[in-house]
Each structure stands twice: as C-alpha cells, then as structure tokens.
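Q: Sharing a structure below in structure tokens format, with a few things to ask.
Read-outs: derived from the displayed coordinates by stated rules, not from any lab. Because the structure is predicted, anything quoted here is derived from the model rather than measured. Neighbour counts are summed over all protein chains in view; Cβ atoms, including those assigned to glycine, are modelled from backbone coordinates with ideal geometry.
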Amino acid sequence: MALPSSDRERPLILLLGPPNVGKSVIFNQLSGMDVGMANYPGTTVDYTEGAVELHGNTAKLIDVPGVYSLEAESEAEEVAIRMLNRQPELVVCVLDALNLESSIYLTLQILRLKLPTVVVVNRVDLLAETGRRLDLNLLQEELGVAVIPTVAITGSGLDRLQQIMAETLAPGPRQLPNRVAPSWAAAESIHGRVLSSQGPVSDFRQRIGDAAMRPWPGILIMLAVLTAVFASVVGLGMALRNFILLPLVREGLIPAIVALVQRLIPPGLLREVMVGEYGFLTKGIEWPIALVMPYVLSFYLALSLLEDSGYMPRLGVMLDGLFNKMGLSGTAVVPLLLGYGCGIPAIMSTRALPSRKHRRMVALMVSLSVPCMAQTGAFISLLAARSVGALIFVALLSASAVITAGVVLSRLLPGEHPETVMEIPELLLPRPSVIGKKLWMRSKHYLGDAVLPVVAGVAVAAVLYETGLMTQLGELLRPLVSGWLRLPEDAAVPLLLGIFRRELTVLPLLNMELNALQLTVGSVVALFYVPCVAVLAILIREFNYLFAGAVLVVTTSSAFLMGGVIAHIGAVFF
C-alpha cells in the first residue's frame with residue numbers, strides 16, 4: 001500500500017500525536033474495519049490507512065506512527081515529517097490530557113506548518129481524577145484552532161470531532177492557527193495557563209507514584225509487584241489449567257475427537273498421525289490449549305494491569321541505573337517485558353529506542369534468553385510439579401543471561417549511548433473495561449498465531465514418529481543429544497519442532513521420564529534455543545539477513561554450550 005499521490009481523489013487526513021495517547025483507538029472508531037497496514041517505503045515503520053465518512057463524503061485517514069516531536073531524531077519522526085510534506089487536507093493532532101505539556105510542544109511544531117489542523121484532547125475523563133481542570137476554551141484561544149475533548153475508549157466526543165473535520169474540509173475560509181514559535185518555553189507557558197488544580201484529589205496517588213521511582217522504597221515496591229506478577233501467573237494459571245481447561249480437554253474434547261476419528265478413519269498411518277502418540281488432533285490441542293494457554297491468559301492479565309496502571313514507565317526509571325551499566329536506558333524495560341509475552345511486538349517496539357545500537361542490543365537480548373509467554377507456560381507445566389528448584393534456576397539464568405548479554409553487546413556493537421527522556425504517565429487505577437478488551441485481543445492473537453503452528457509442529461512429530469524417521473533422527477543426533485546433553489534420544493524431536501514454535505522445544509519433554517538434572521538441561525537448551533520462524537522473519541524485516549543469521553548462530557551455540565556444561569557439571573554432583 002502506498003501513500004496517496006498529489007493528485008489523489010479523496011481528501012487526505014493525518015492522525016498525529018505522541019505514542020500511547022489513544023490515537024489508534026480514535027482511528028479505529030472513525031474508520032471501522034475498513035483498514036490496512038503498510039510499511040513506509042525505505043523504512044521499517046508501519047502505518048495504518050483507512051477511510052472515514054464525513055457528511056456523505058469519504059476521506060482517506062492515516063494513523064501516523066506516534067512521535068514526541070518533528071525534529072527527525074528517529075525513523076518514526078522522519079516518516080511523520082514526510083507524510084506532512086504531502087500537504088494533507090487536514091491534520092488531526094491528538095493530545096494527552098495527562099501529559100499535556102509535551103503534547104502542546106508537538107502541536108506547536110505542527111501548527112507552524114500552516115496546515116488545516118484540528119486538536120483533540122484525549123483521556124479527559126482521567127484528568128479529573130488527578131485533581132486538575134483543563135480550560136478548553138482558553139486552550140483553543142491559545143492555539144487558534146478547534147479543540148475537541150474526547151474519551152476514545154467510549155467514543156465520547158468523536159461525533160463532535162467528525163463534525164468539525166467535515167466543516168474544516170468544506171470549501172470556504174479556514175481558521176488560521178496562532179503564530180506561536182514552537183519551543184518548550186512556549187509549551188510550558190500555555191500549559192501553565194490552561195491547566196489548574198482543583199484540590200489534592202491525587203495527592204496520595206502522586207506520592208505512591210513518586211515513591212515507586214526512588215531507590216527507596218522503590219526497590220521494595222518493584223520486588224513486591226514482580227513477586228505478585230509471578231505468583232498470579234503461576235497460581236492463577238495453574239488453577240485455570242488443573243480445574244477447568246485440562247479436565248475439559250482431556251475428559252471431554254479429546255475422547256470425543258478420538259472416538260470420531262476411530263469411527264471414520266480405518267487403522268493405519270493416517271489414524272495414528274491424527275490421534276496416536278503424537279496425534280496432532282490430541283497433543284496439538286492439549287499442549288497449546290490445556291497446558292500453555294492458562295499461563296498465557298494469566299500473564300496477559302498481569303501485563304495489562306501493569307500497563308493500564310502506569311507502573312511500567314516507573315519500573316523503567318527504577319531500573320535506569322542498572323540498564324545504564326548495560327549501555328541502555330530505562331526505556332528498554334518496555335520491549336524486554338513485552339518479550340515475556342511475545343518476541344514479535346517486543347522487537348517491533350524497539351523502534352522507540354533512541355539509537356540503532358540500542359535496537360540491536362535489545363532485539364538480540366530478547367531473542368537469546370527472554371522466553372515468550374507460551375514458552376514460559378510450557379516451562380511451568382514441565383517444571384512446577386516436578387522440580388520447583390529447576391524452575392527458579394531457569395528463571396534466574398534467563399535474567400542473568402539478559403544482563404550479561406547487555407554488558408557484552410554494549411562493548412561489542414558500535415554506536416553511541418544517547419540520553420533519553422521518558423514520559424511518566426499518571427498512576428491510575430486499572431479500568432476493568434480496558435483490561436477486558438486487552439485480554440480479549442491478546443487471547444485472540446494467541447489463538448490465531450500460536451495454536452496453528454503448534455498443531456503443524458505436532459503433525460510433523462507424528463509423521464516422524466509413526467514412520468520411524470524419529471528413531472533415525474535420534475541416531476543421527478545421538479552424539480549431541482545423548483552424549484553432550486545426556487538426554488534421551490527422543491529429545492532430538494524438540495530440537496526440530498522448536499523451529500516452528502519455541503514452546504515445542506519444551507512440551508515434548510512432558511512425555512519423557514526425565515530426572516531433575518535432565519529436566520534442567522532440557523529447559524536450559526529450550527531457553528536459549530533458536531527463535532521461532534516468525535521472530536526470525538521480524539528480525540530480517542526490522543534489521544537484515546546478516547543480523548538474523550547472527551542471532552541464529554548465537555542462540556543455537558549458546559543453547560548447546562550451556563546445556564552441555566550444566567549436564568556435565570550436574571553429573572558430578574548428582
């Protein structure tokens with residue numbers, strides 16, 4: 001999909017604003033389902049394009065990548081400037097009511113371009129909770145353009161926005177913005193005049209938010225939050241697995257599938273591939289749905305709570321000192337935490353980091369030893385009931401490897417370590433409606449993007465097992481699997497399946513009789529093993545084939561080196 005040319009037939013409207021301001025929610029509300037993703041030519045930056053109906057006329061609406069300024073210091077900012085240079089018929093600038101000063105600074109830069117502009121102030125519903133009041137009429141006077149308050153998640157104010165957009169696009173004289181030179185001093189001055197305090201409503205919340213960013217008691221708060229996240233992921237996930245999904249799948253769904261297949265398919269290879277030892281209609285459903293999905297759901301619930309509360313940026317501030325020792329800034333905590341959900345959005349979110357060096361560092365750290373949530377769920381399923389010590393060891397090894405990789409990469413990779421500014425949102429109580437929507441969207445993403453590859457991988461294992469090729473594969477890899485890693489020959493299968501999905505490096509181990517040391521070795525190999533095909537594809541797109549190949553070499557060699565070392569050291573003591 002290409003950007004519209006200068007002779008476009010439909011008016012072009014750009015939706016522009018800082019990241020995480022609700023801009024994409026406004027885009028979805030205005031354009032409905034008629035949208036498409038595109039990659040801006042010559043960059044890795046994506047934008048979304050759709051159509052919006054304005055009083056019977058159709059306009060082209062583009063959700064521009066989120067930016068904090070138009071100073072061309074990042075790829076996203078360069079793309080935003082190039083889109084603005086297309087001379088759109090209208091720019092809708094979305095401001096964050098909770099972080100108004102920086103939003104005003106961006107708006108002043110846009111108004112300097114003398115393009116028809118409408119200003120939206122989103123999240124005004126949350127502003128009252130902070131004890132502040134925004135004078136919208138005064139802000140409109142200061143900027144010289146229409147200002148519309150909205151609550152994107154409920155659709156409040158969007159009808160008024162569409163009306164103003166239609167009026168702005170209509171022929172006739174247009175309102176010109178005030179000529180205020182864009183500067184932080186000007187933004188601060190406007191911010192001070194239009195925003196006033198109504199009382200100490202958020203005083204307690206503000207003190208908690210500030211305390212979370214100081215070493216004391218911030219470290220205690222961080223440990224308490226991370227402990228609560230870990231306990232809720234394991235506890236809630238295990239309850240959901242043992243009391244709901246596992247009985248439902250093992251006692252209800254799978255017996256029904258097996259009975260149906262046995263009635264329709266005669267004995268032979270096809271039936272065994274479908275419902276045999278590695279049947280893709282049995283294990284392919286049980287593994288991703290009953291064993292992994294409970295932990296995925298509980299993790300996404302915890303992650304959504306952290307995001308919506310505003311704690312994640314504060315965690316970044318808390319860890320900024322540690323990250324600086326690795327040559328990074330606290331902003332890197334966001335993609336690293338996202339990596340525990342899925343490596344793909346984690347790597348894509350590195351676009352917000354201040355330099356290409358930082359992007360490559362975090363992408364390699366995520367690929368090396370940050371297990372995605374599906375893989376983490378597989379670890380918990382494998383280790384929690386058999387060896388809690390092994391589970392804790394793998395978790396500590398993952399964290400240690402991330403830190404070590406950061407320190408080493410900071411010295412090996414060329415590039416500067418620029419200073420970064422982190423915007424800290426208000427600390428808020430998570431909203432159940434928003435948490436529910438996030439959980440629903442992420443659950444659909446897991447079901448669509450994870451389950452089918454697992455079924456395909458299990459189908460490959462079933463064919464290998466039923467045709468005897470698995471035995472031959474075990475013989476071929478015996479020196480590596482049985483000799484160096486000291487695992488059963490059948491453990492060669494996960495090494496093949498892990499290429500499809502990372503959790504498939506772990507799940508087949510559930511069917512093997514392994515002691516505590518072998519469980520640990522298998523988990524360590526799985527932790528460092530190659531990223532799945534989808535992650536490799538993202539690495540190629542975001543960087544290049546050379547970088548993706550380097551990641552492949554580093555992860556594979558680390559997996560077998562660490563697994564073998566632990567196997568041989570452990571054999572001395574156990």
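Q: Helix-only mean residue ellipticity at 222 nm, the chain, DSSP H runs n ≥ 4 weighted -39,500 (n - 2.57), per residue, nearest 500. What is it?
A: After summing the helix terms and dividing by residue count, I get -17000 deg cm²/dmol.
Q: Taking each pair of distinct Cα atoms in the range 69-174 once, what is the resulting Kirkwood hydrodynamic radius in Å?
A: 14.7 Å
Q: Let me ask another. Please work out how many pairs of lysine residues in the chain are eight or more positions apart (or on different chains) and have Cα atoms closer than 19 angstrom. List each step's numbers first, then the result.
A: On the way: LYS23/LYS60; LYS23/LYS437; LYS23/LYS438; LYS325/LYS357.
So the count works out to 4.
Q: Taking the dipole about the Cα centre of the chain, with the C-beta of Lys and Arg at +1 and of Asp and Glu at -1, give me whichever of VAL572, GLY284, LEU447 is farthest to the positive side.
A: Positive-most Cα among the choices belongs to VAL572.
Q: How large is the dipole of the range 115-168 about the Cα centre if only Lys and Arg carry +1 and Asp and Glu carry -1, each at its Cβ, rounded to the nearest 20 debye?
A: So the magnitude is around 120 debye.
Q: Charges on Cβ only, +1 for Lys and Arg, -1 for Asp and Glu, centred on the Cα centroid of the chain; of GLY157, GLY341, ALA224, which one is farthest towards the dipole's positive end?
A: About the Cα centre, the residue reaching furthest to the positive side is ALA224.
Q: Which value, in debye to the nearest 20, gives the size of the charge dipole of the chain about its Cα centre, when Lys and Arg are +1 and Asp and Glu are -1 at the Cβ?
A: 460 debye
Q: Quick one: TRP287, TRP440, TRP184, fewest Cβ neighbours within 10 Å first, how do they rank?
A: Ranking TRP287, TRP440, TRP184 by Cβ neighbours within 10 Å, fewest first, gives TRP440, TRP184, TRP287.
Q: What net charge is computed for the residues neighbouring ALA459, neighbours being all others with C-beta under 15 Å from the C-beta of ALA459, Lys and Arg scored +1, Asp and Glu -1?
A: Around ALA459, the charge tally is -1.
Q: Just add up the charged neighbours of PHE379: K/R +1, D/E -1, any other residue whose Cβ is under 15 Å from the Cβ of PHE379.
A: Surrounding charge for PHE379 is +3.
Q: Also, I was wondering about something else. Sort MET373, MET470 so that the residue with the fewest other Cβ atoms within 10 Å of its own Cβ comes first and the one with the most comes last.
A: MET470, MET373
Q: Report, in degrees rounded to the nearest 10, the 0 to 90 angle that the Cα long axis of helix 254-264 makes with the longest principal axis of the chain.
A: It works out to around 70 degrees.
Q: Next up: Which whole-angstrom value gives the distance between the alpha carbon centres of the range 338-376 and the range 250-300?
A: 32 Å
Q: Here's another thing I want to ask about it. Between ARG86 and SER196, what FRET efficiency comes out of the Förster formula 1/(1 + (r/R0)^6) with R0 = 45 Å and r the beta carbon distance, rounded to 0.05?
A: 0.70
Q: Roughly speaking, what is the centre-to-centre gap between the range 476-544 and the range 434-463 when only Cα atoms are used, to the nearest Å?
A: Here the answer is 19 Å between Cα centres.
Q: Among (1) 118, 55, 36; (2) 103, 88, 48; (3) 79, 57, 45, only one was calculated for this model; which label is it, if the read-out is Cα extents along the principal axes in Å?
A: Working out Cα extents along the principal axes in Å from the coordinates points to (3).
Q: Whose amide H sits under 5 Å from the amide H of LEU95, counting only residues 5 or more places off or on another chain, with H placed in the peptide plane?
A: So LEU95 has HN proximity to VAL120, VAL121, ASN122.
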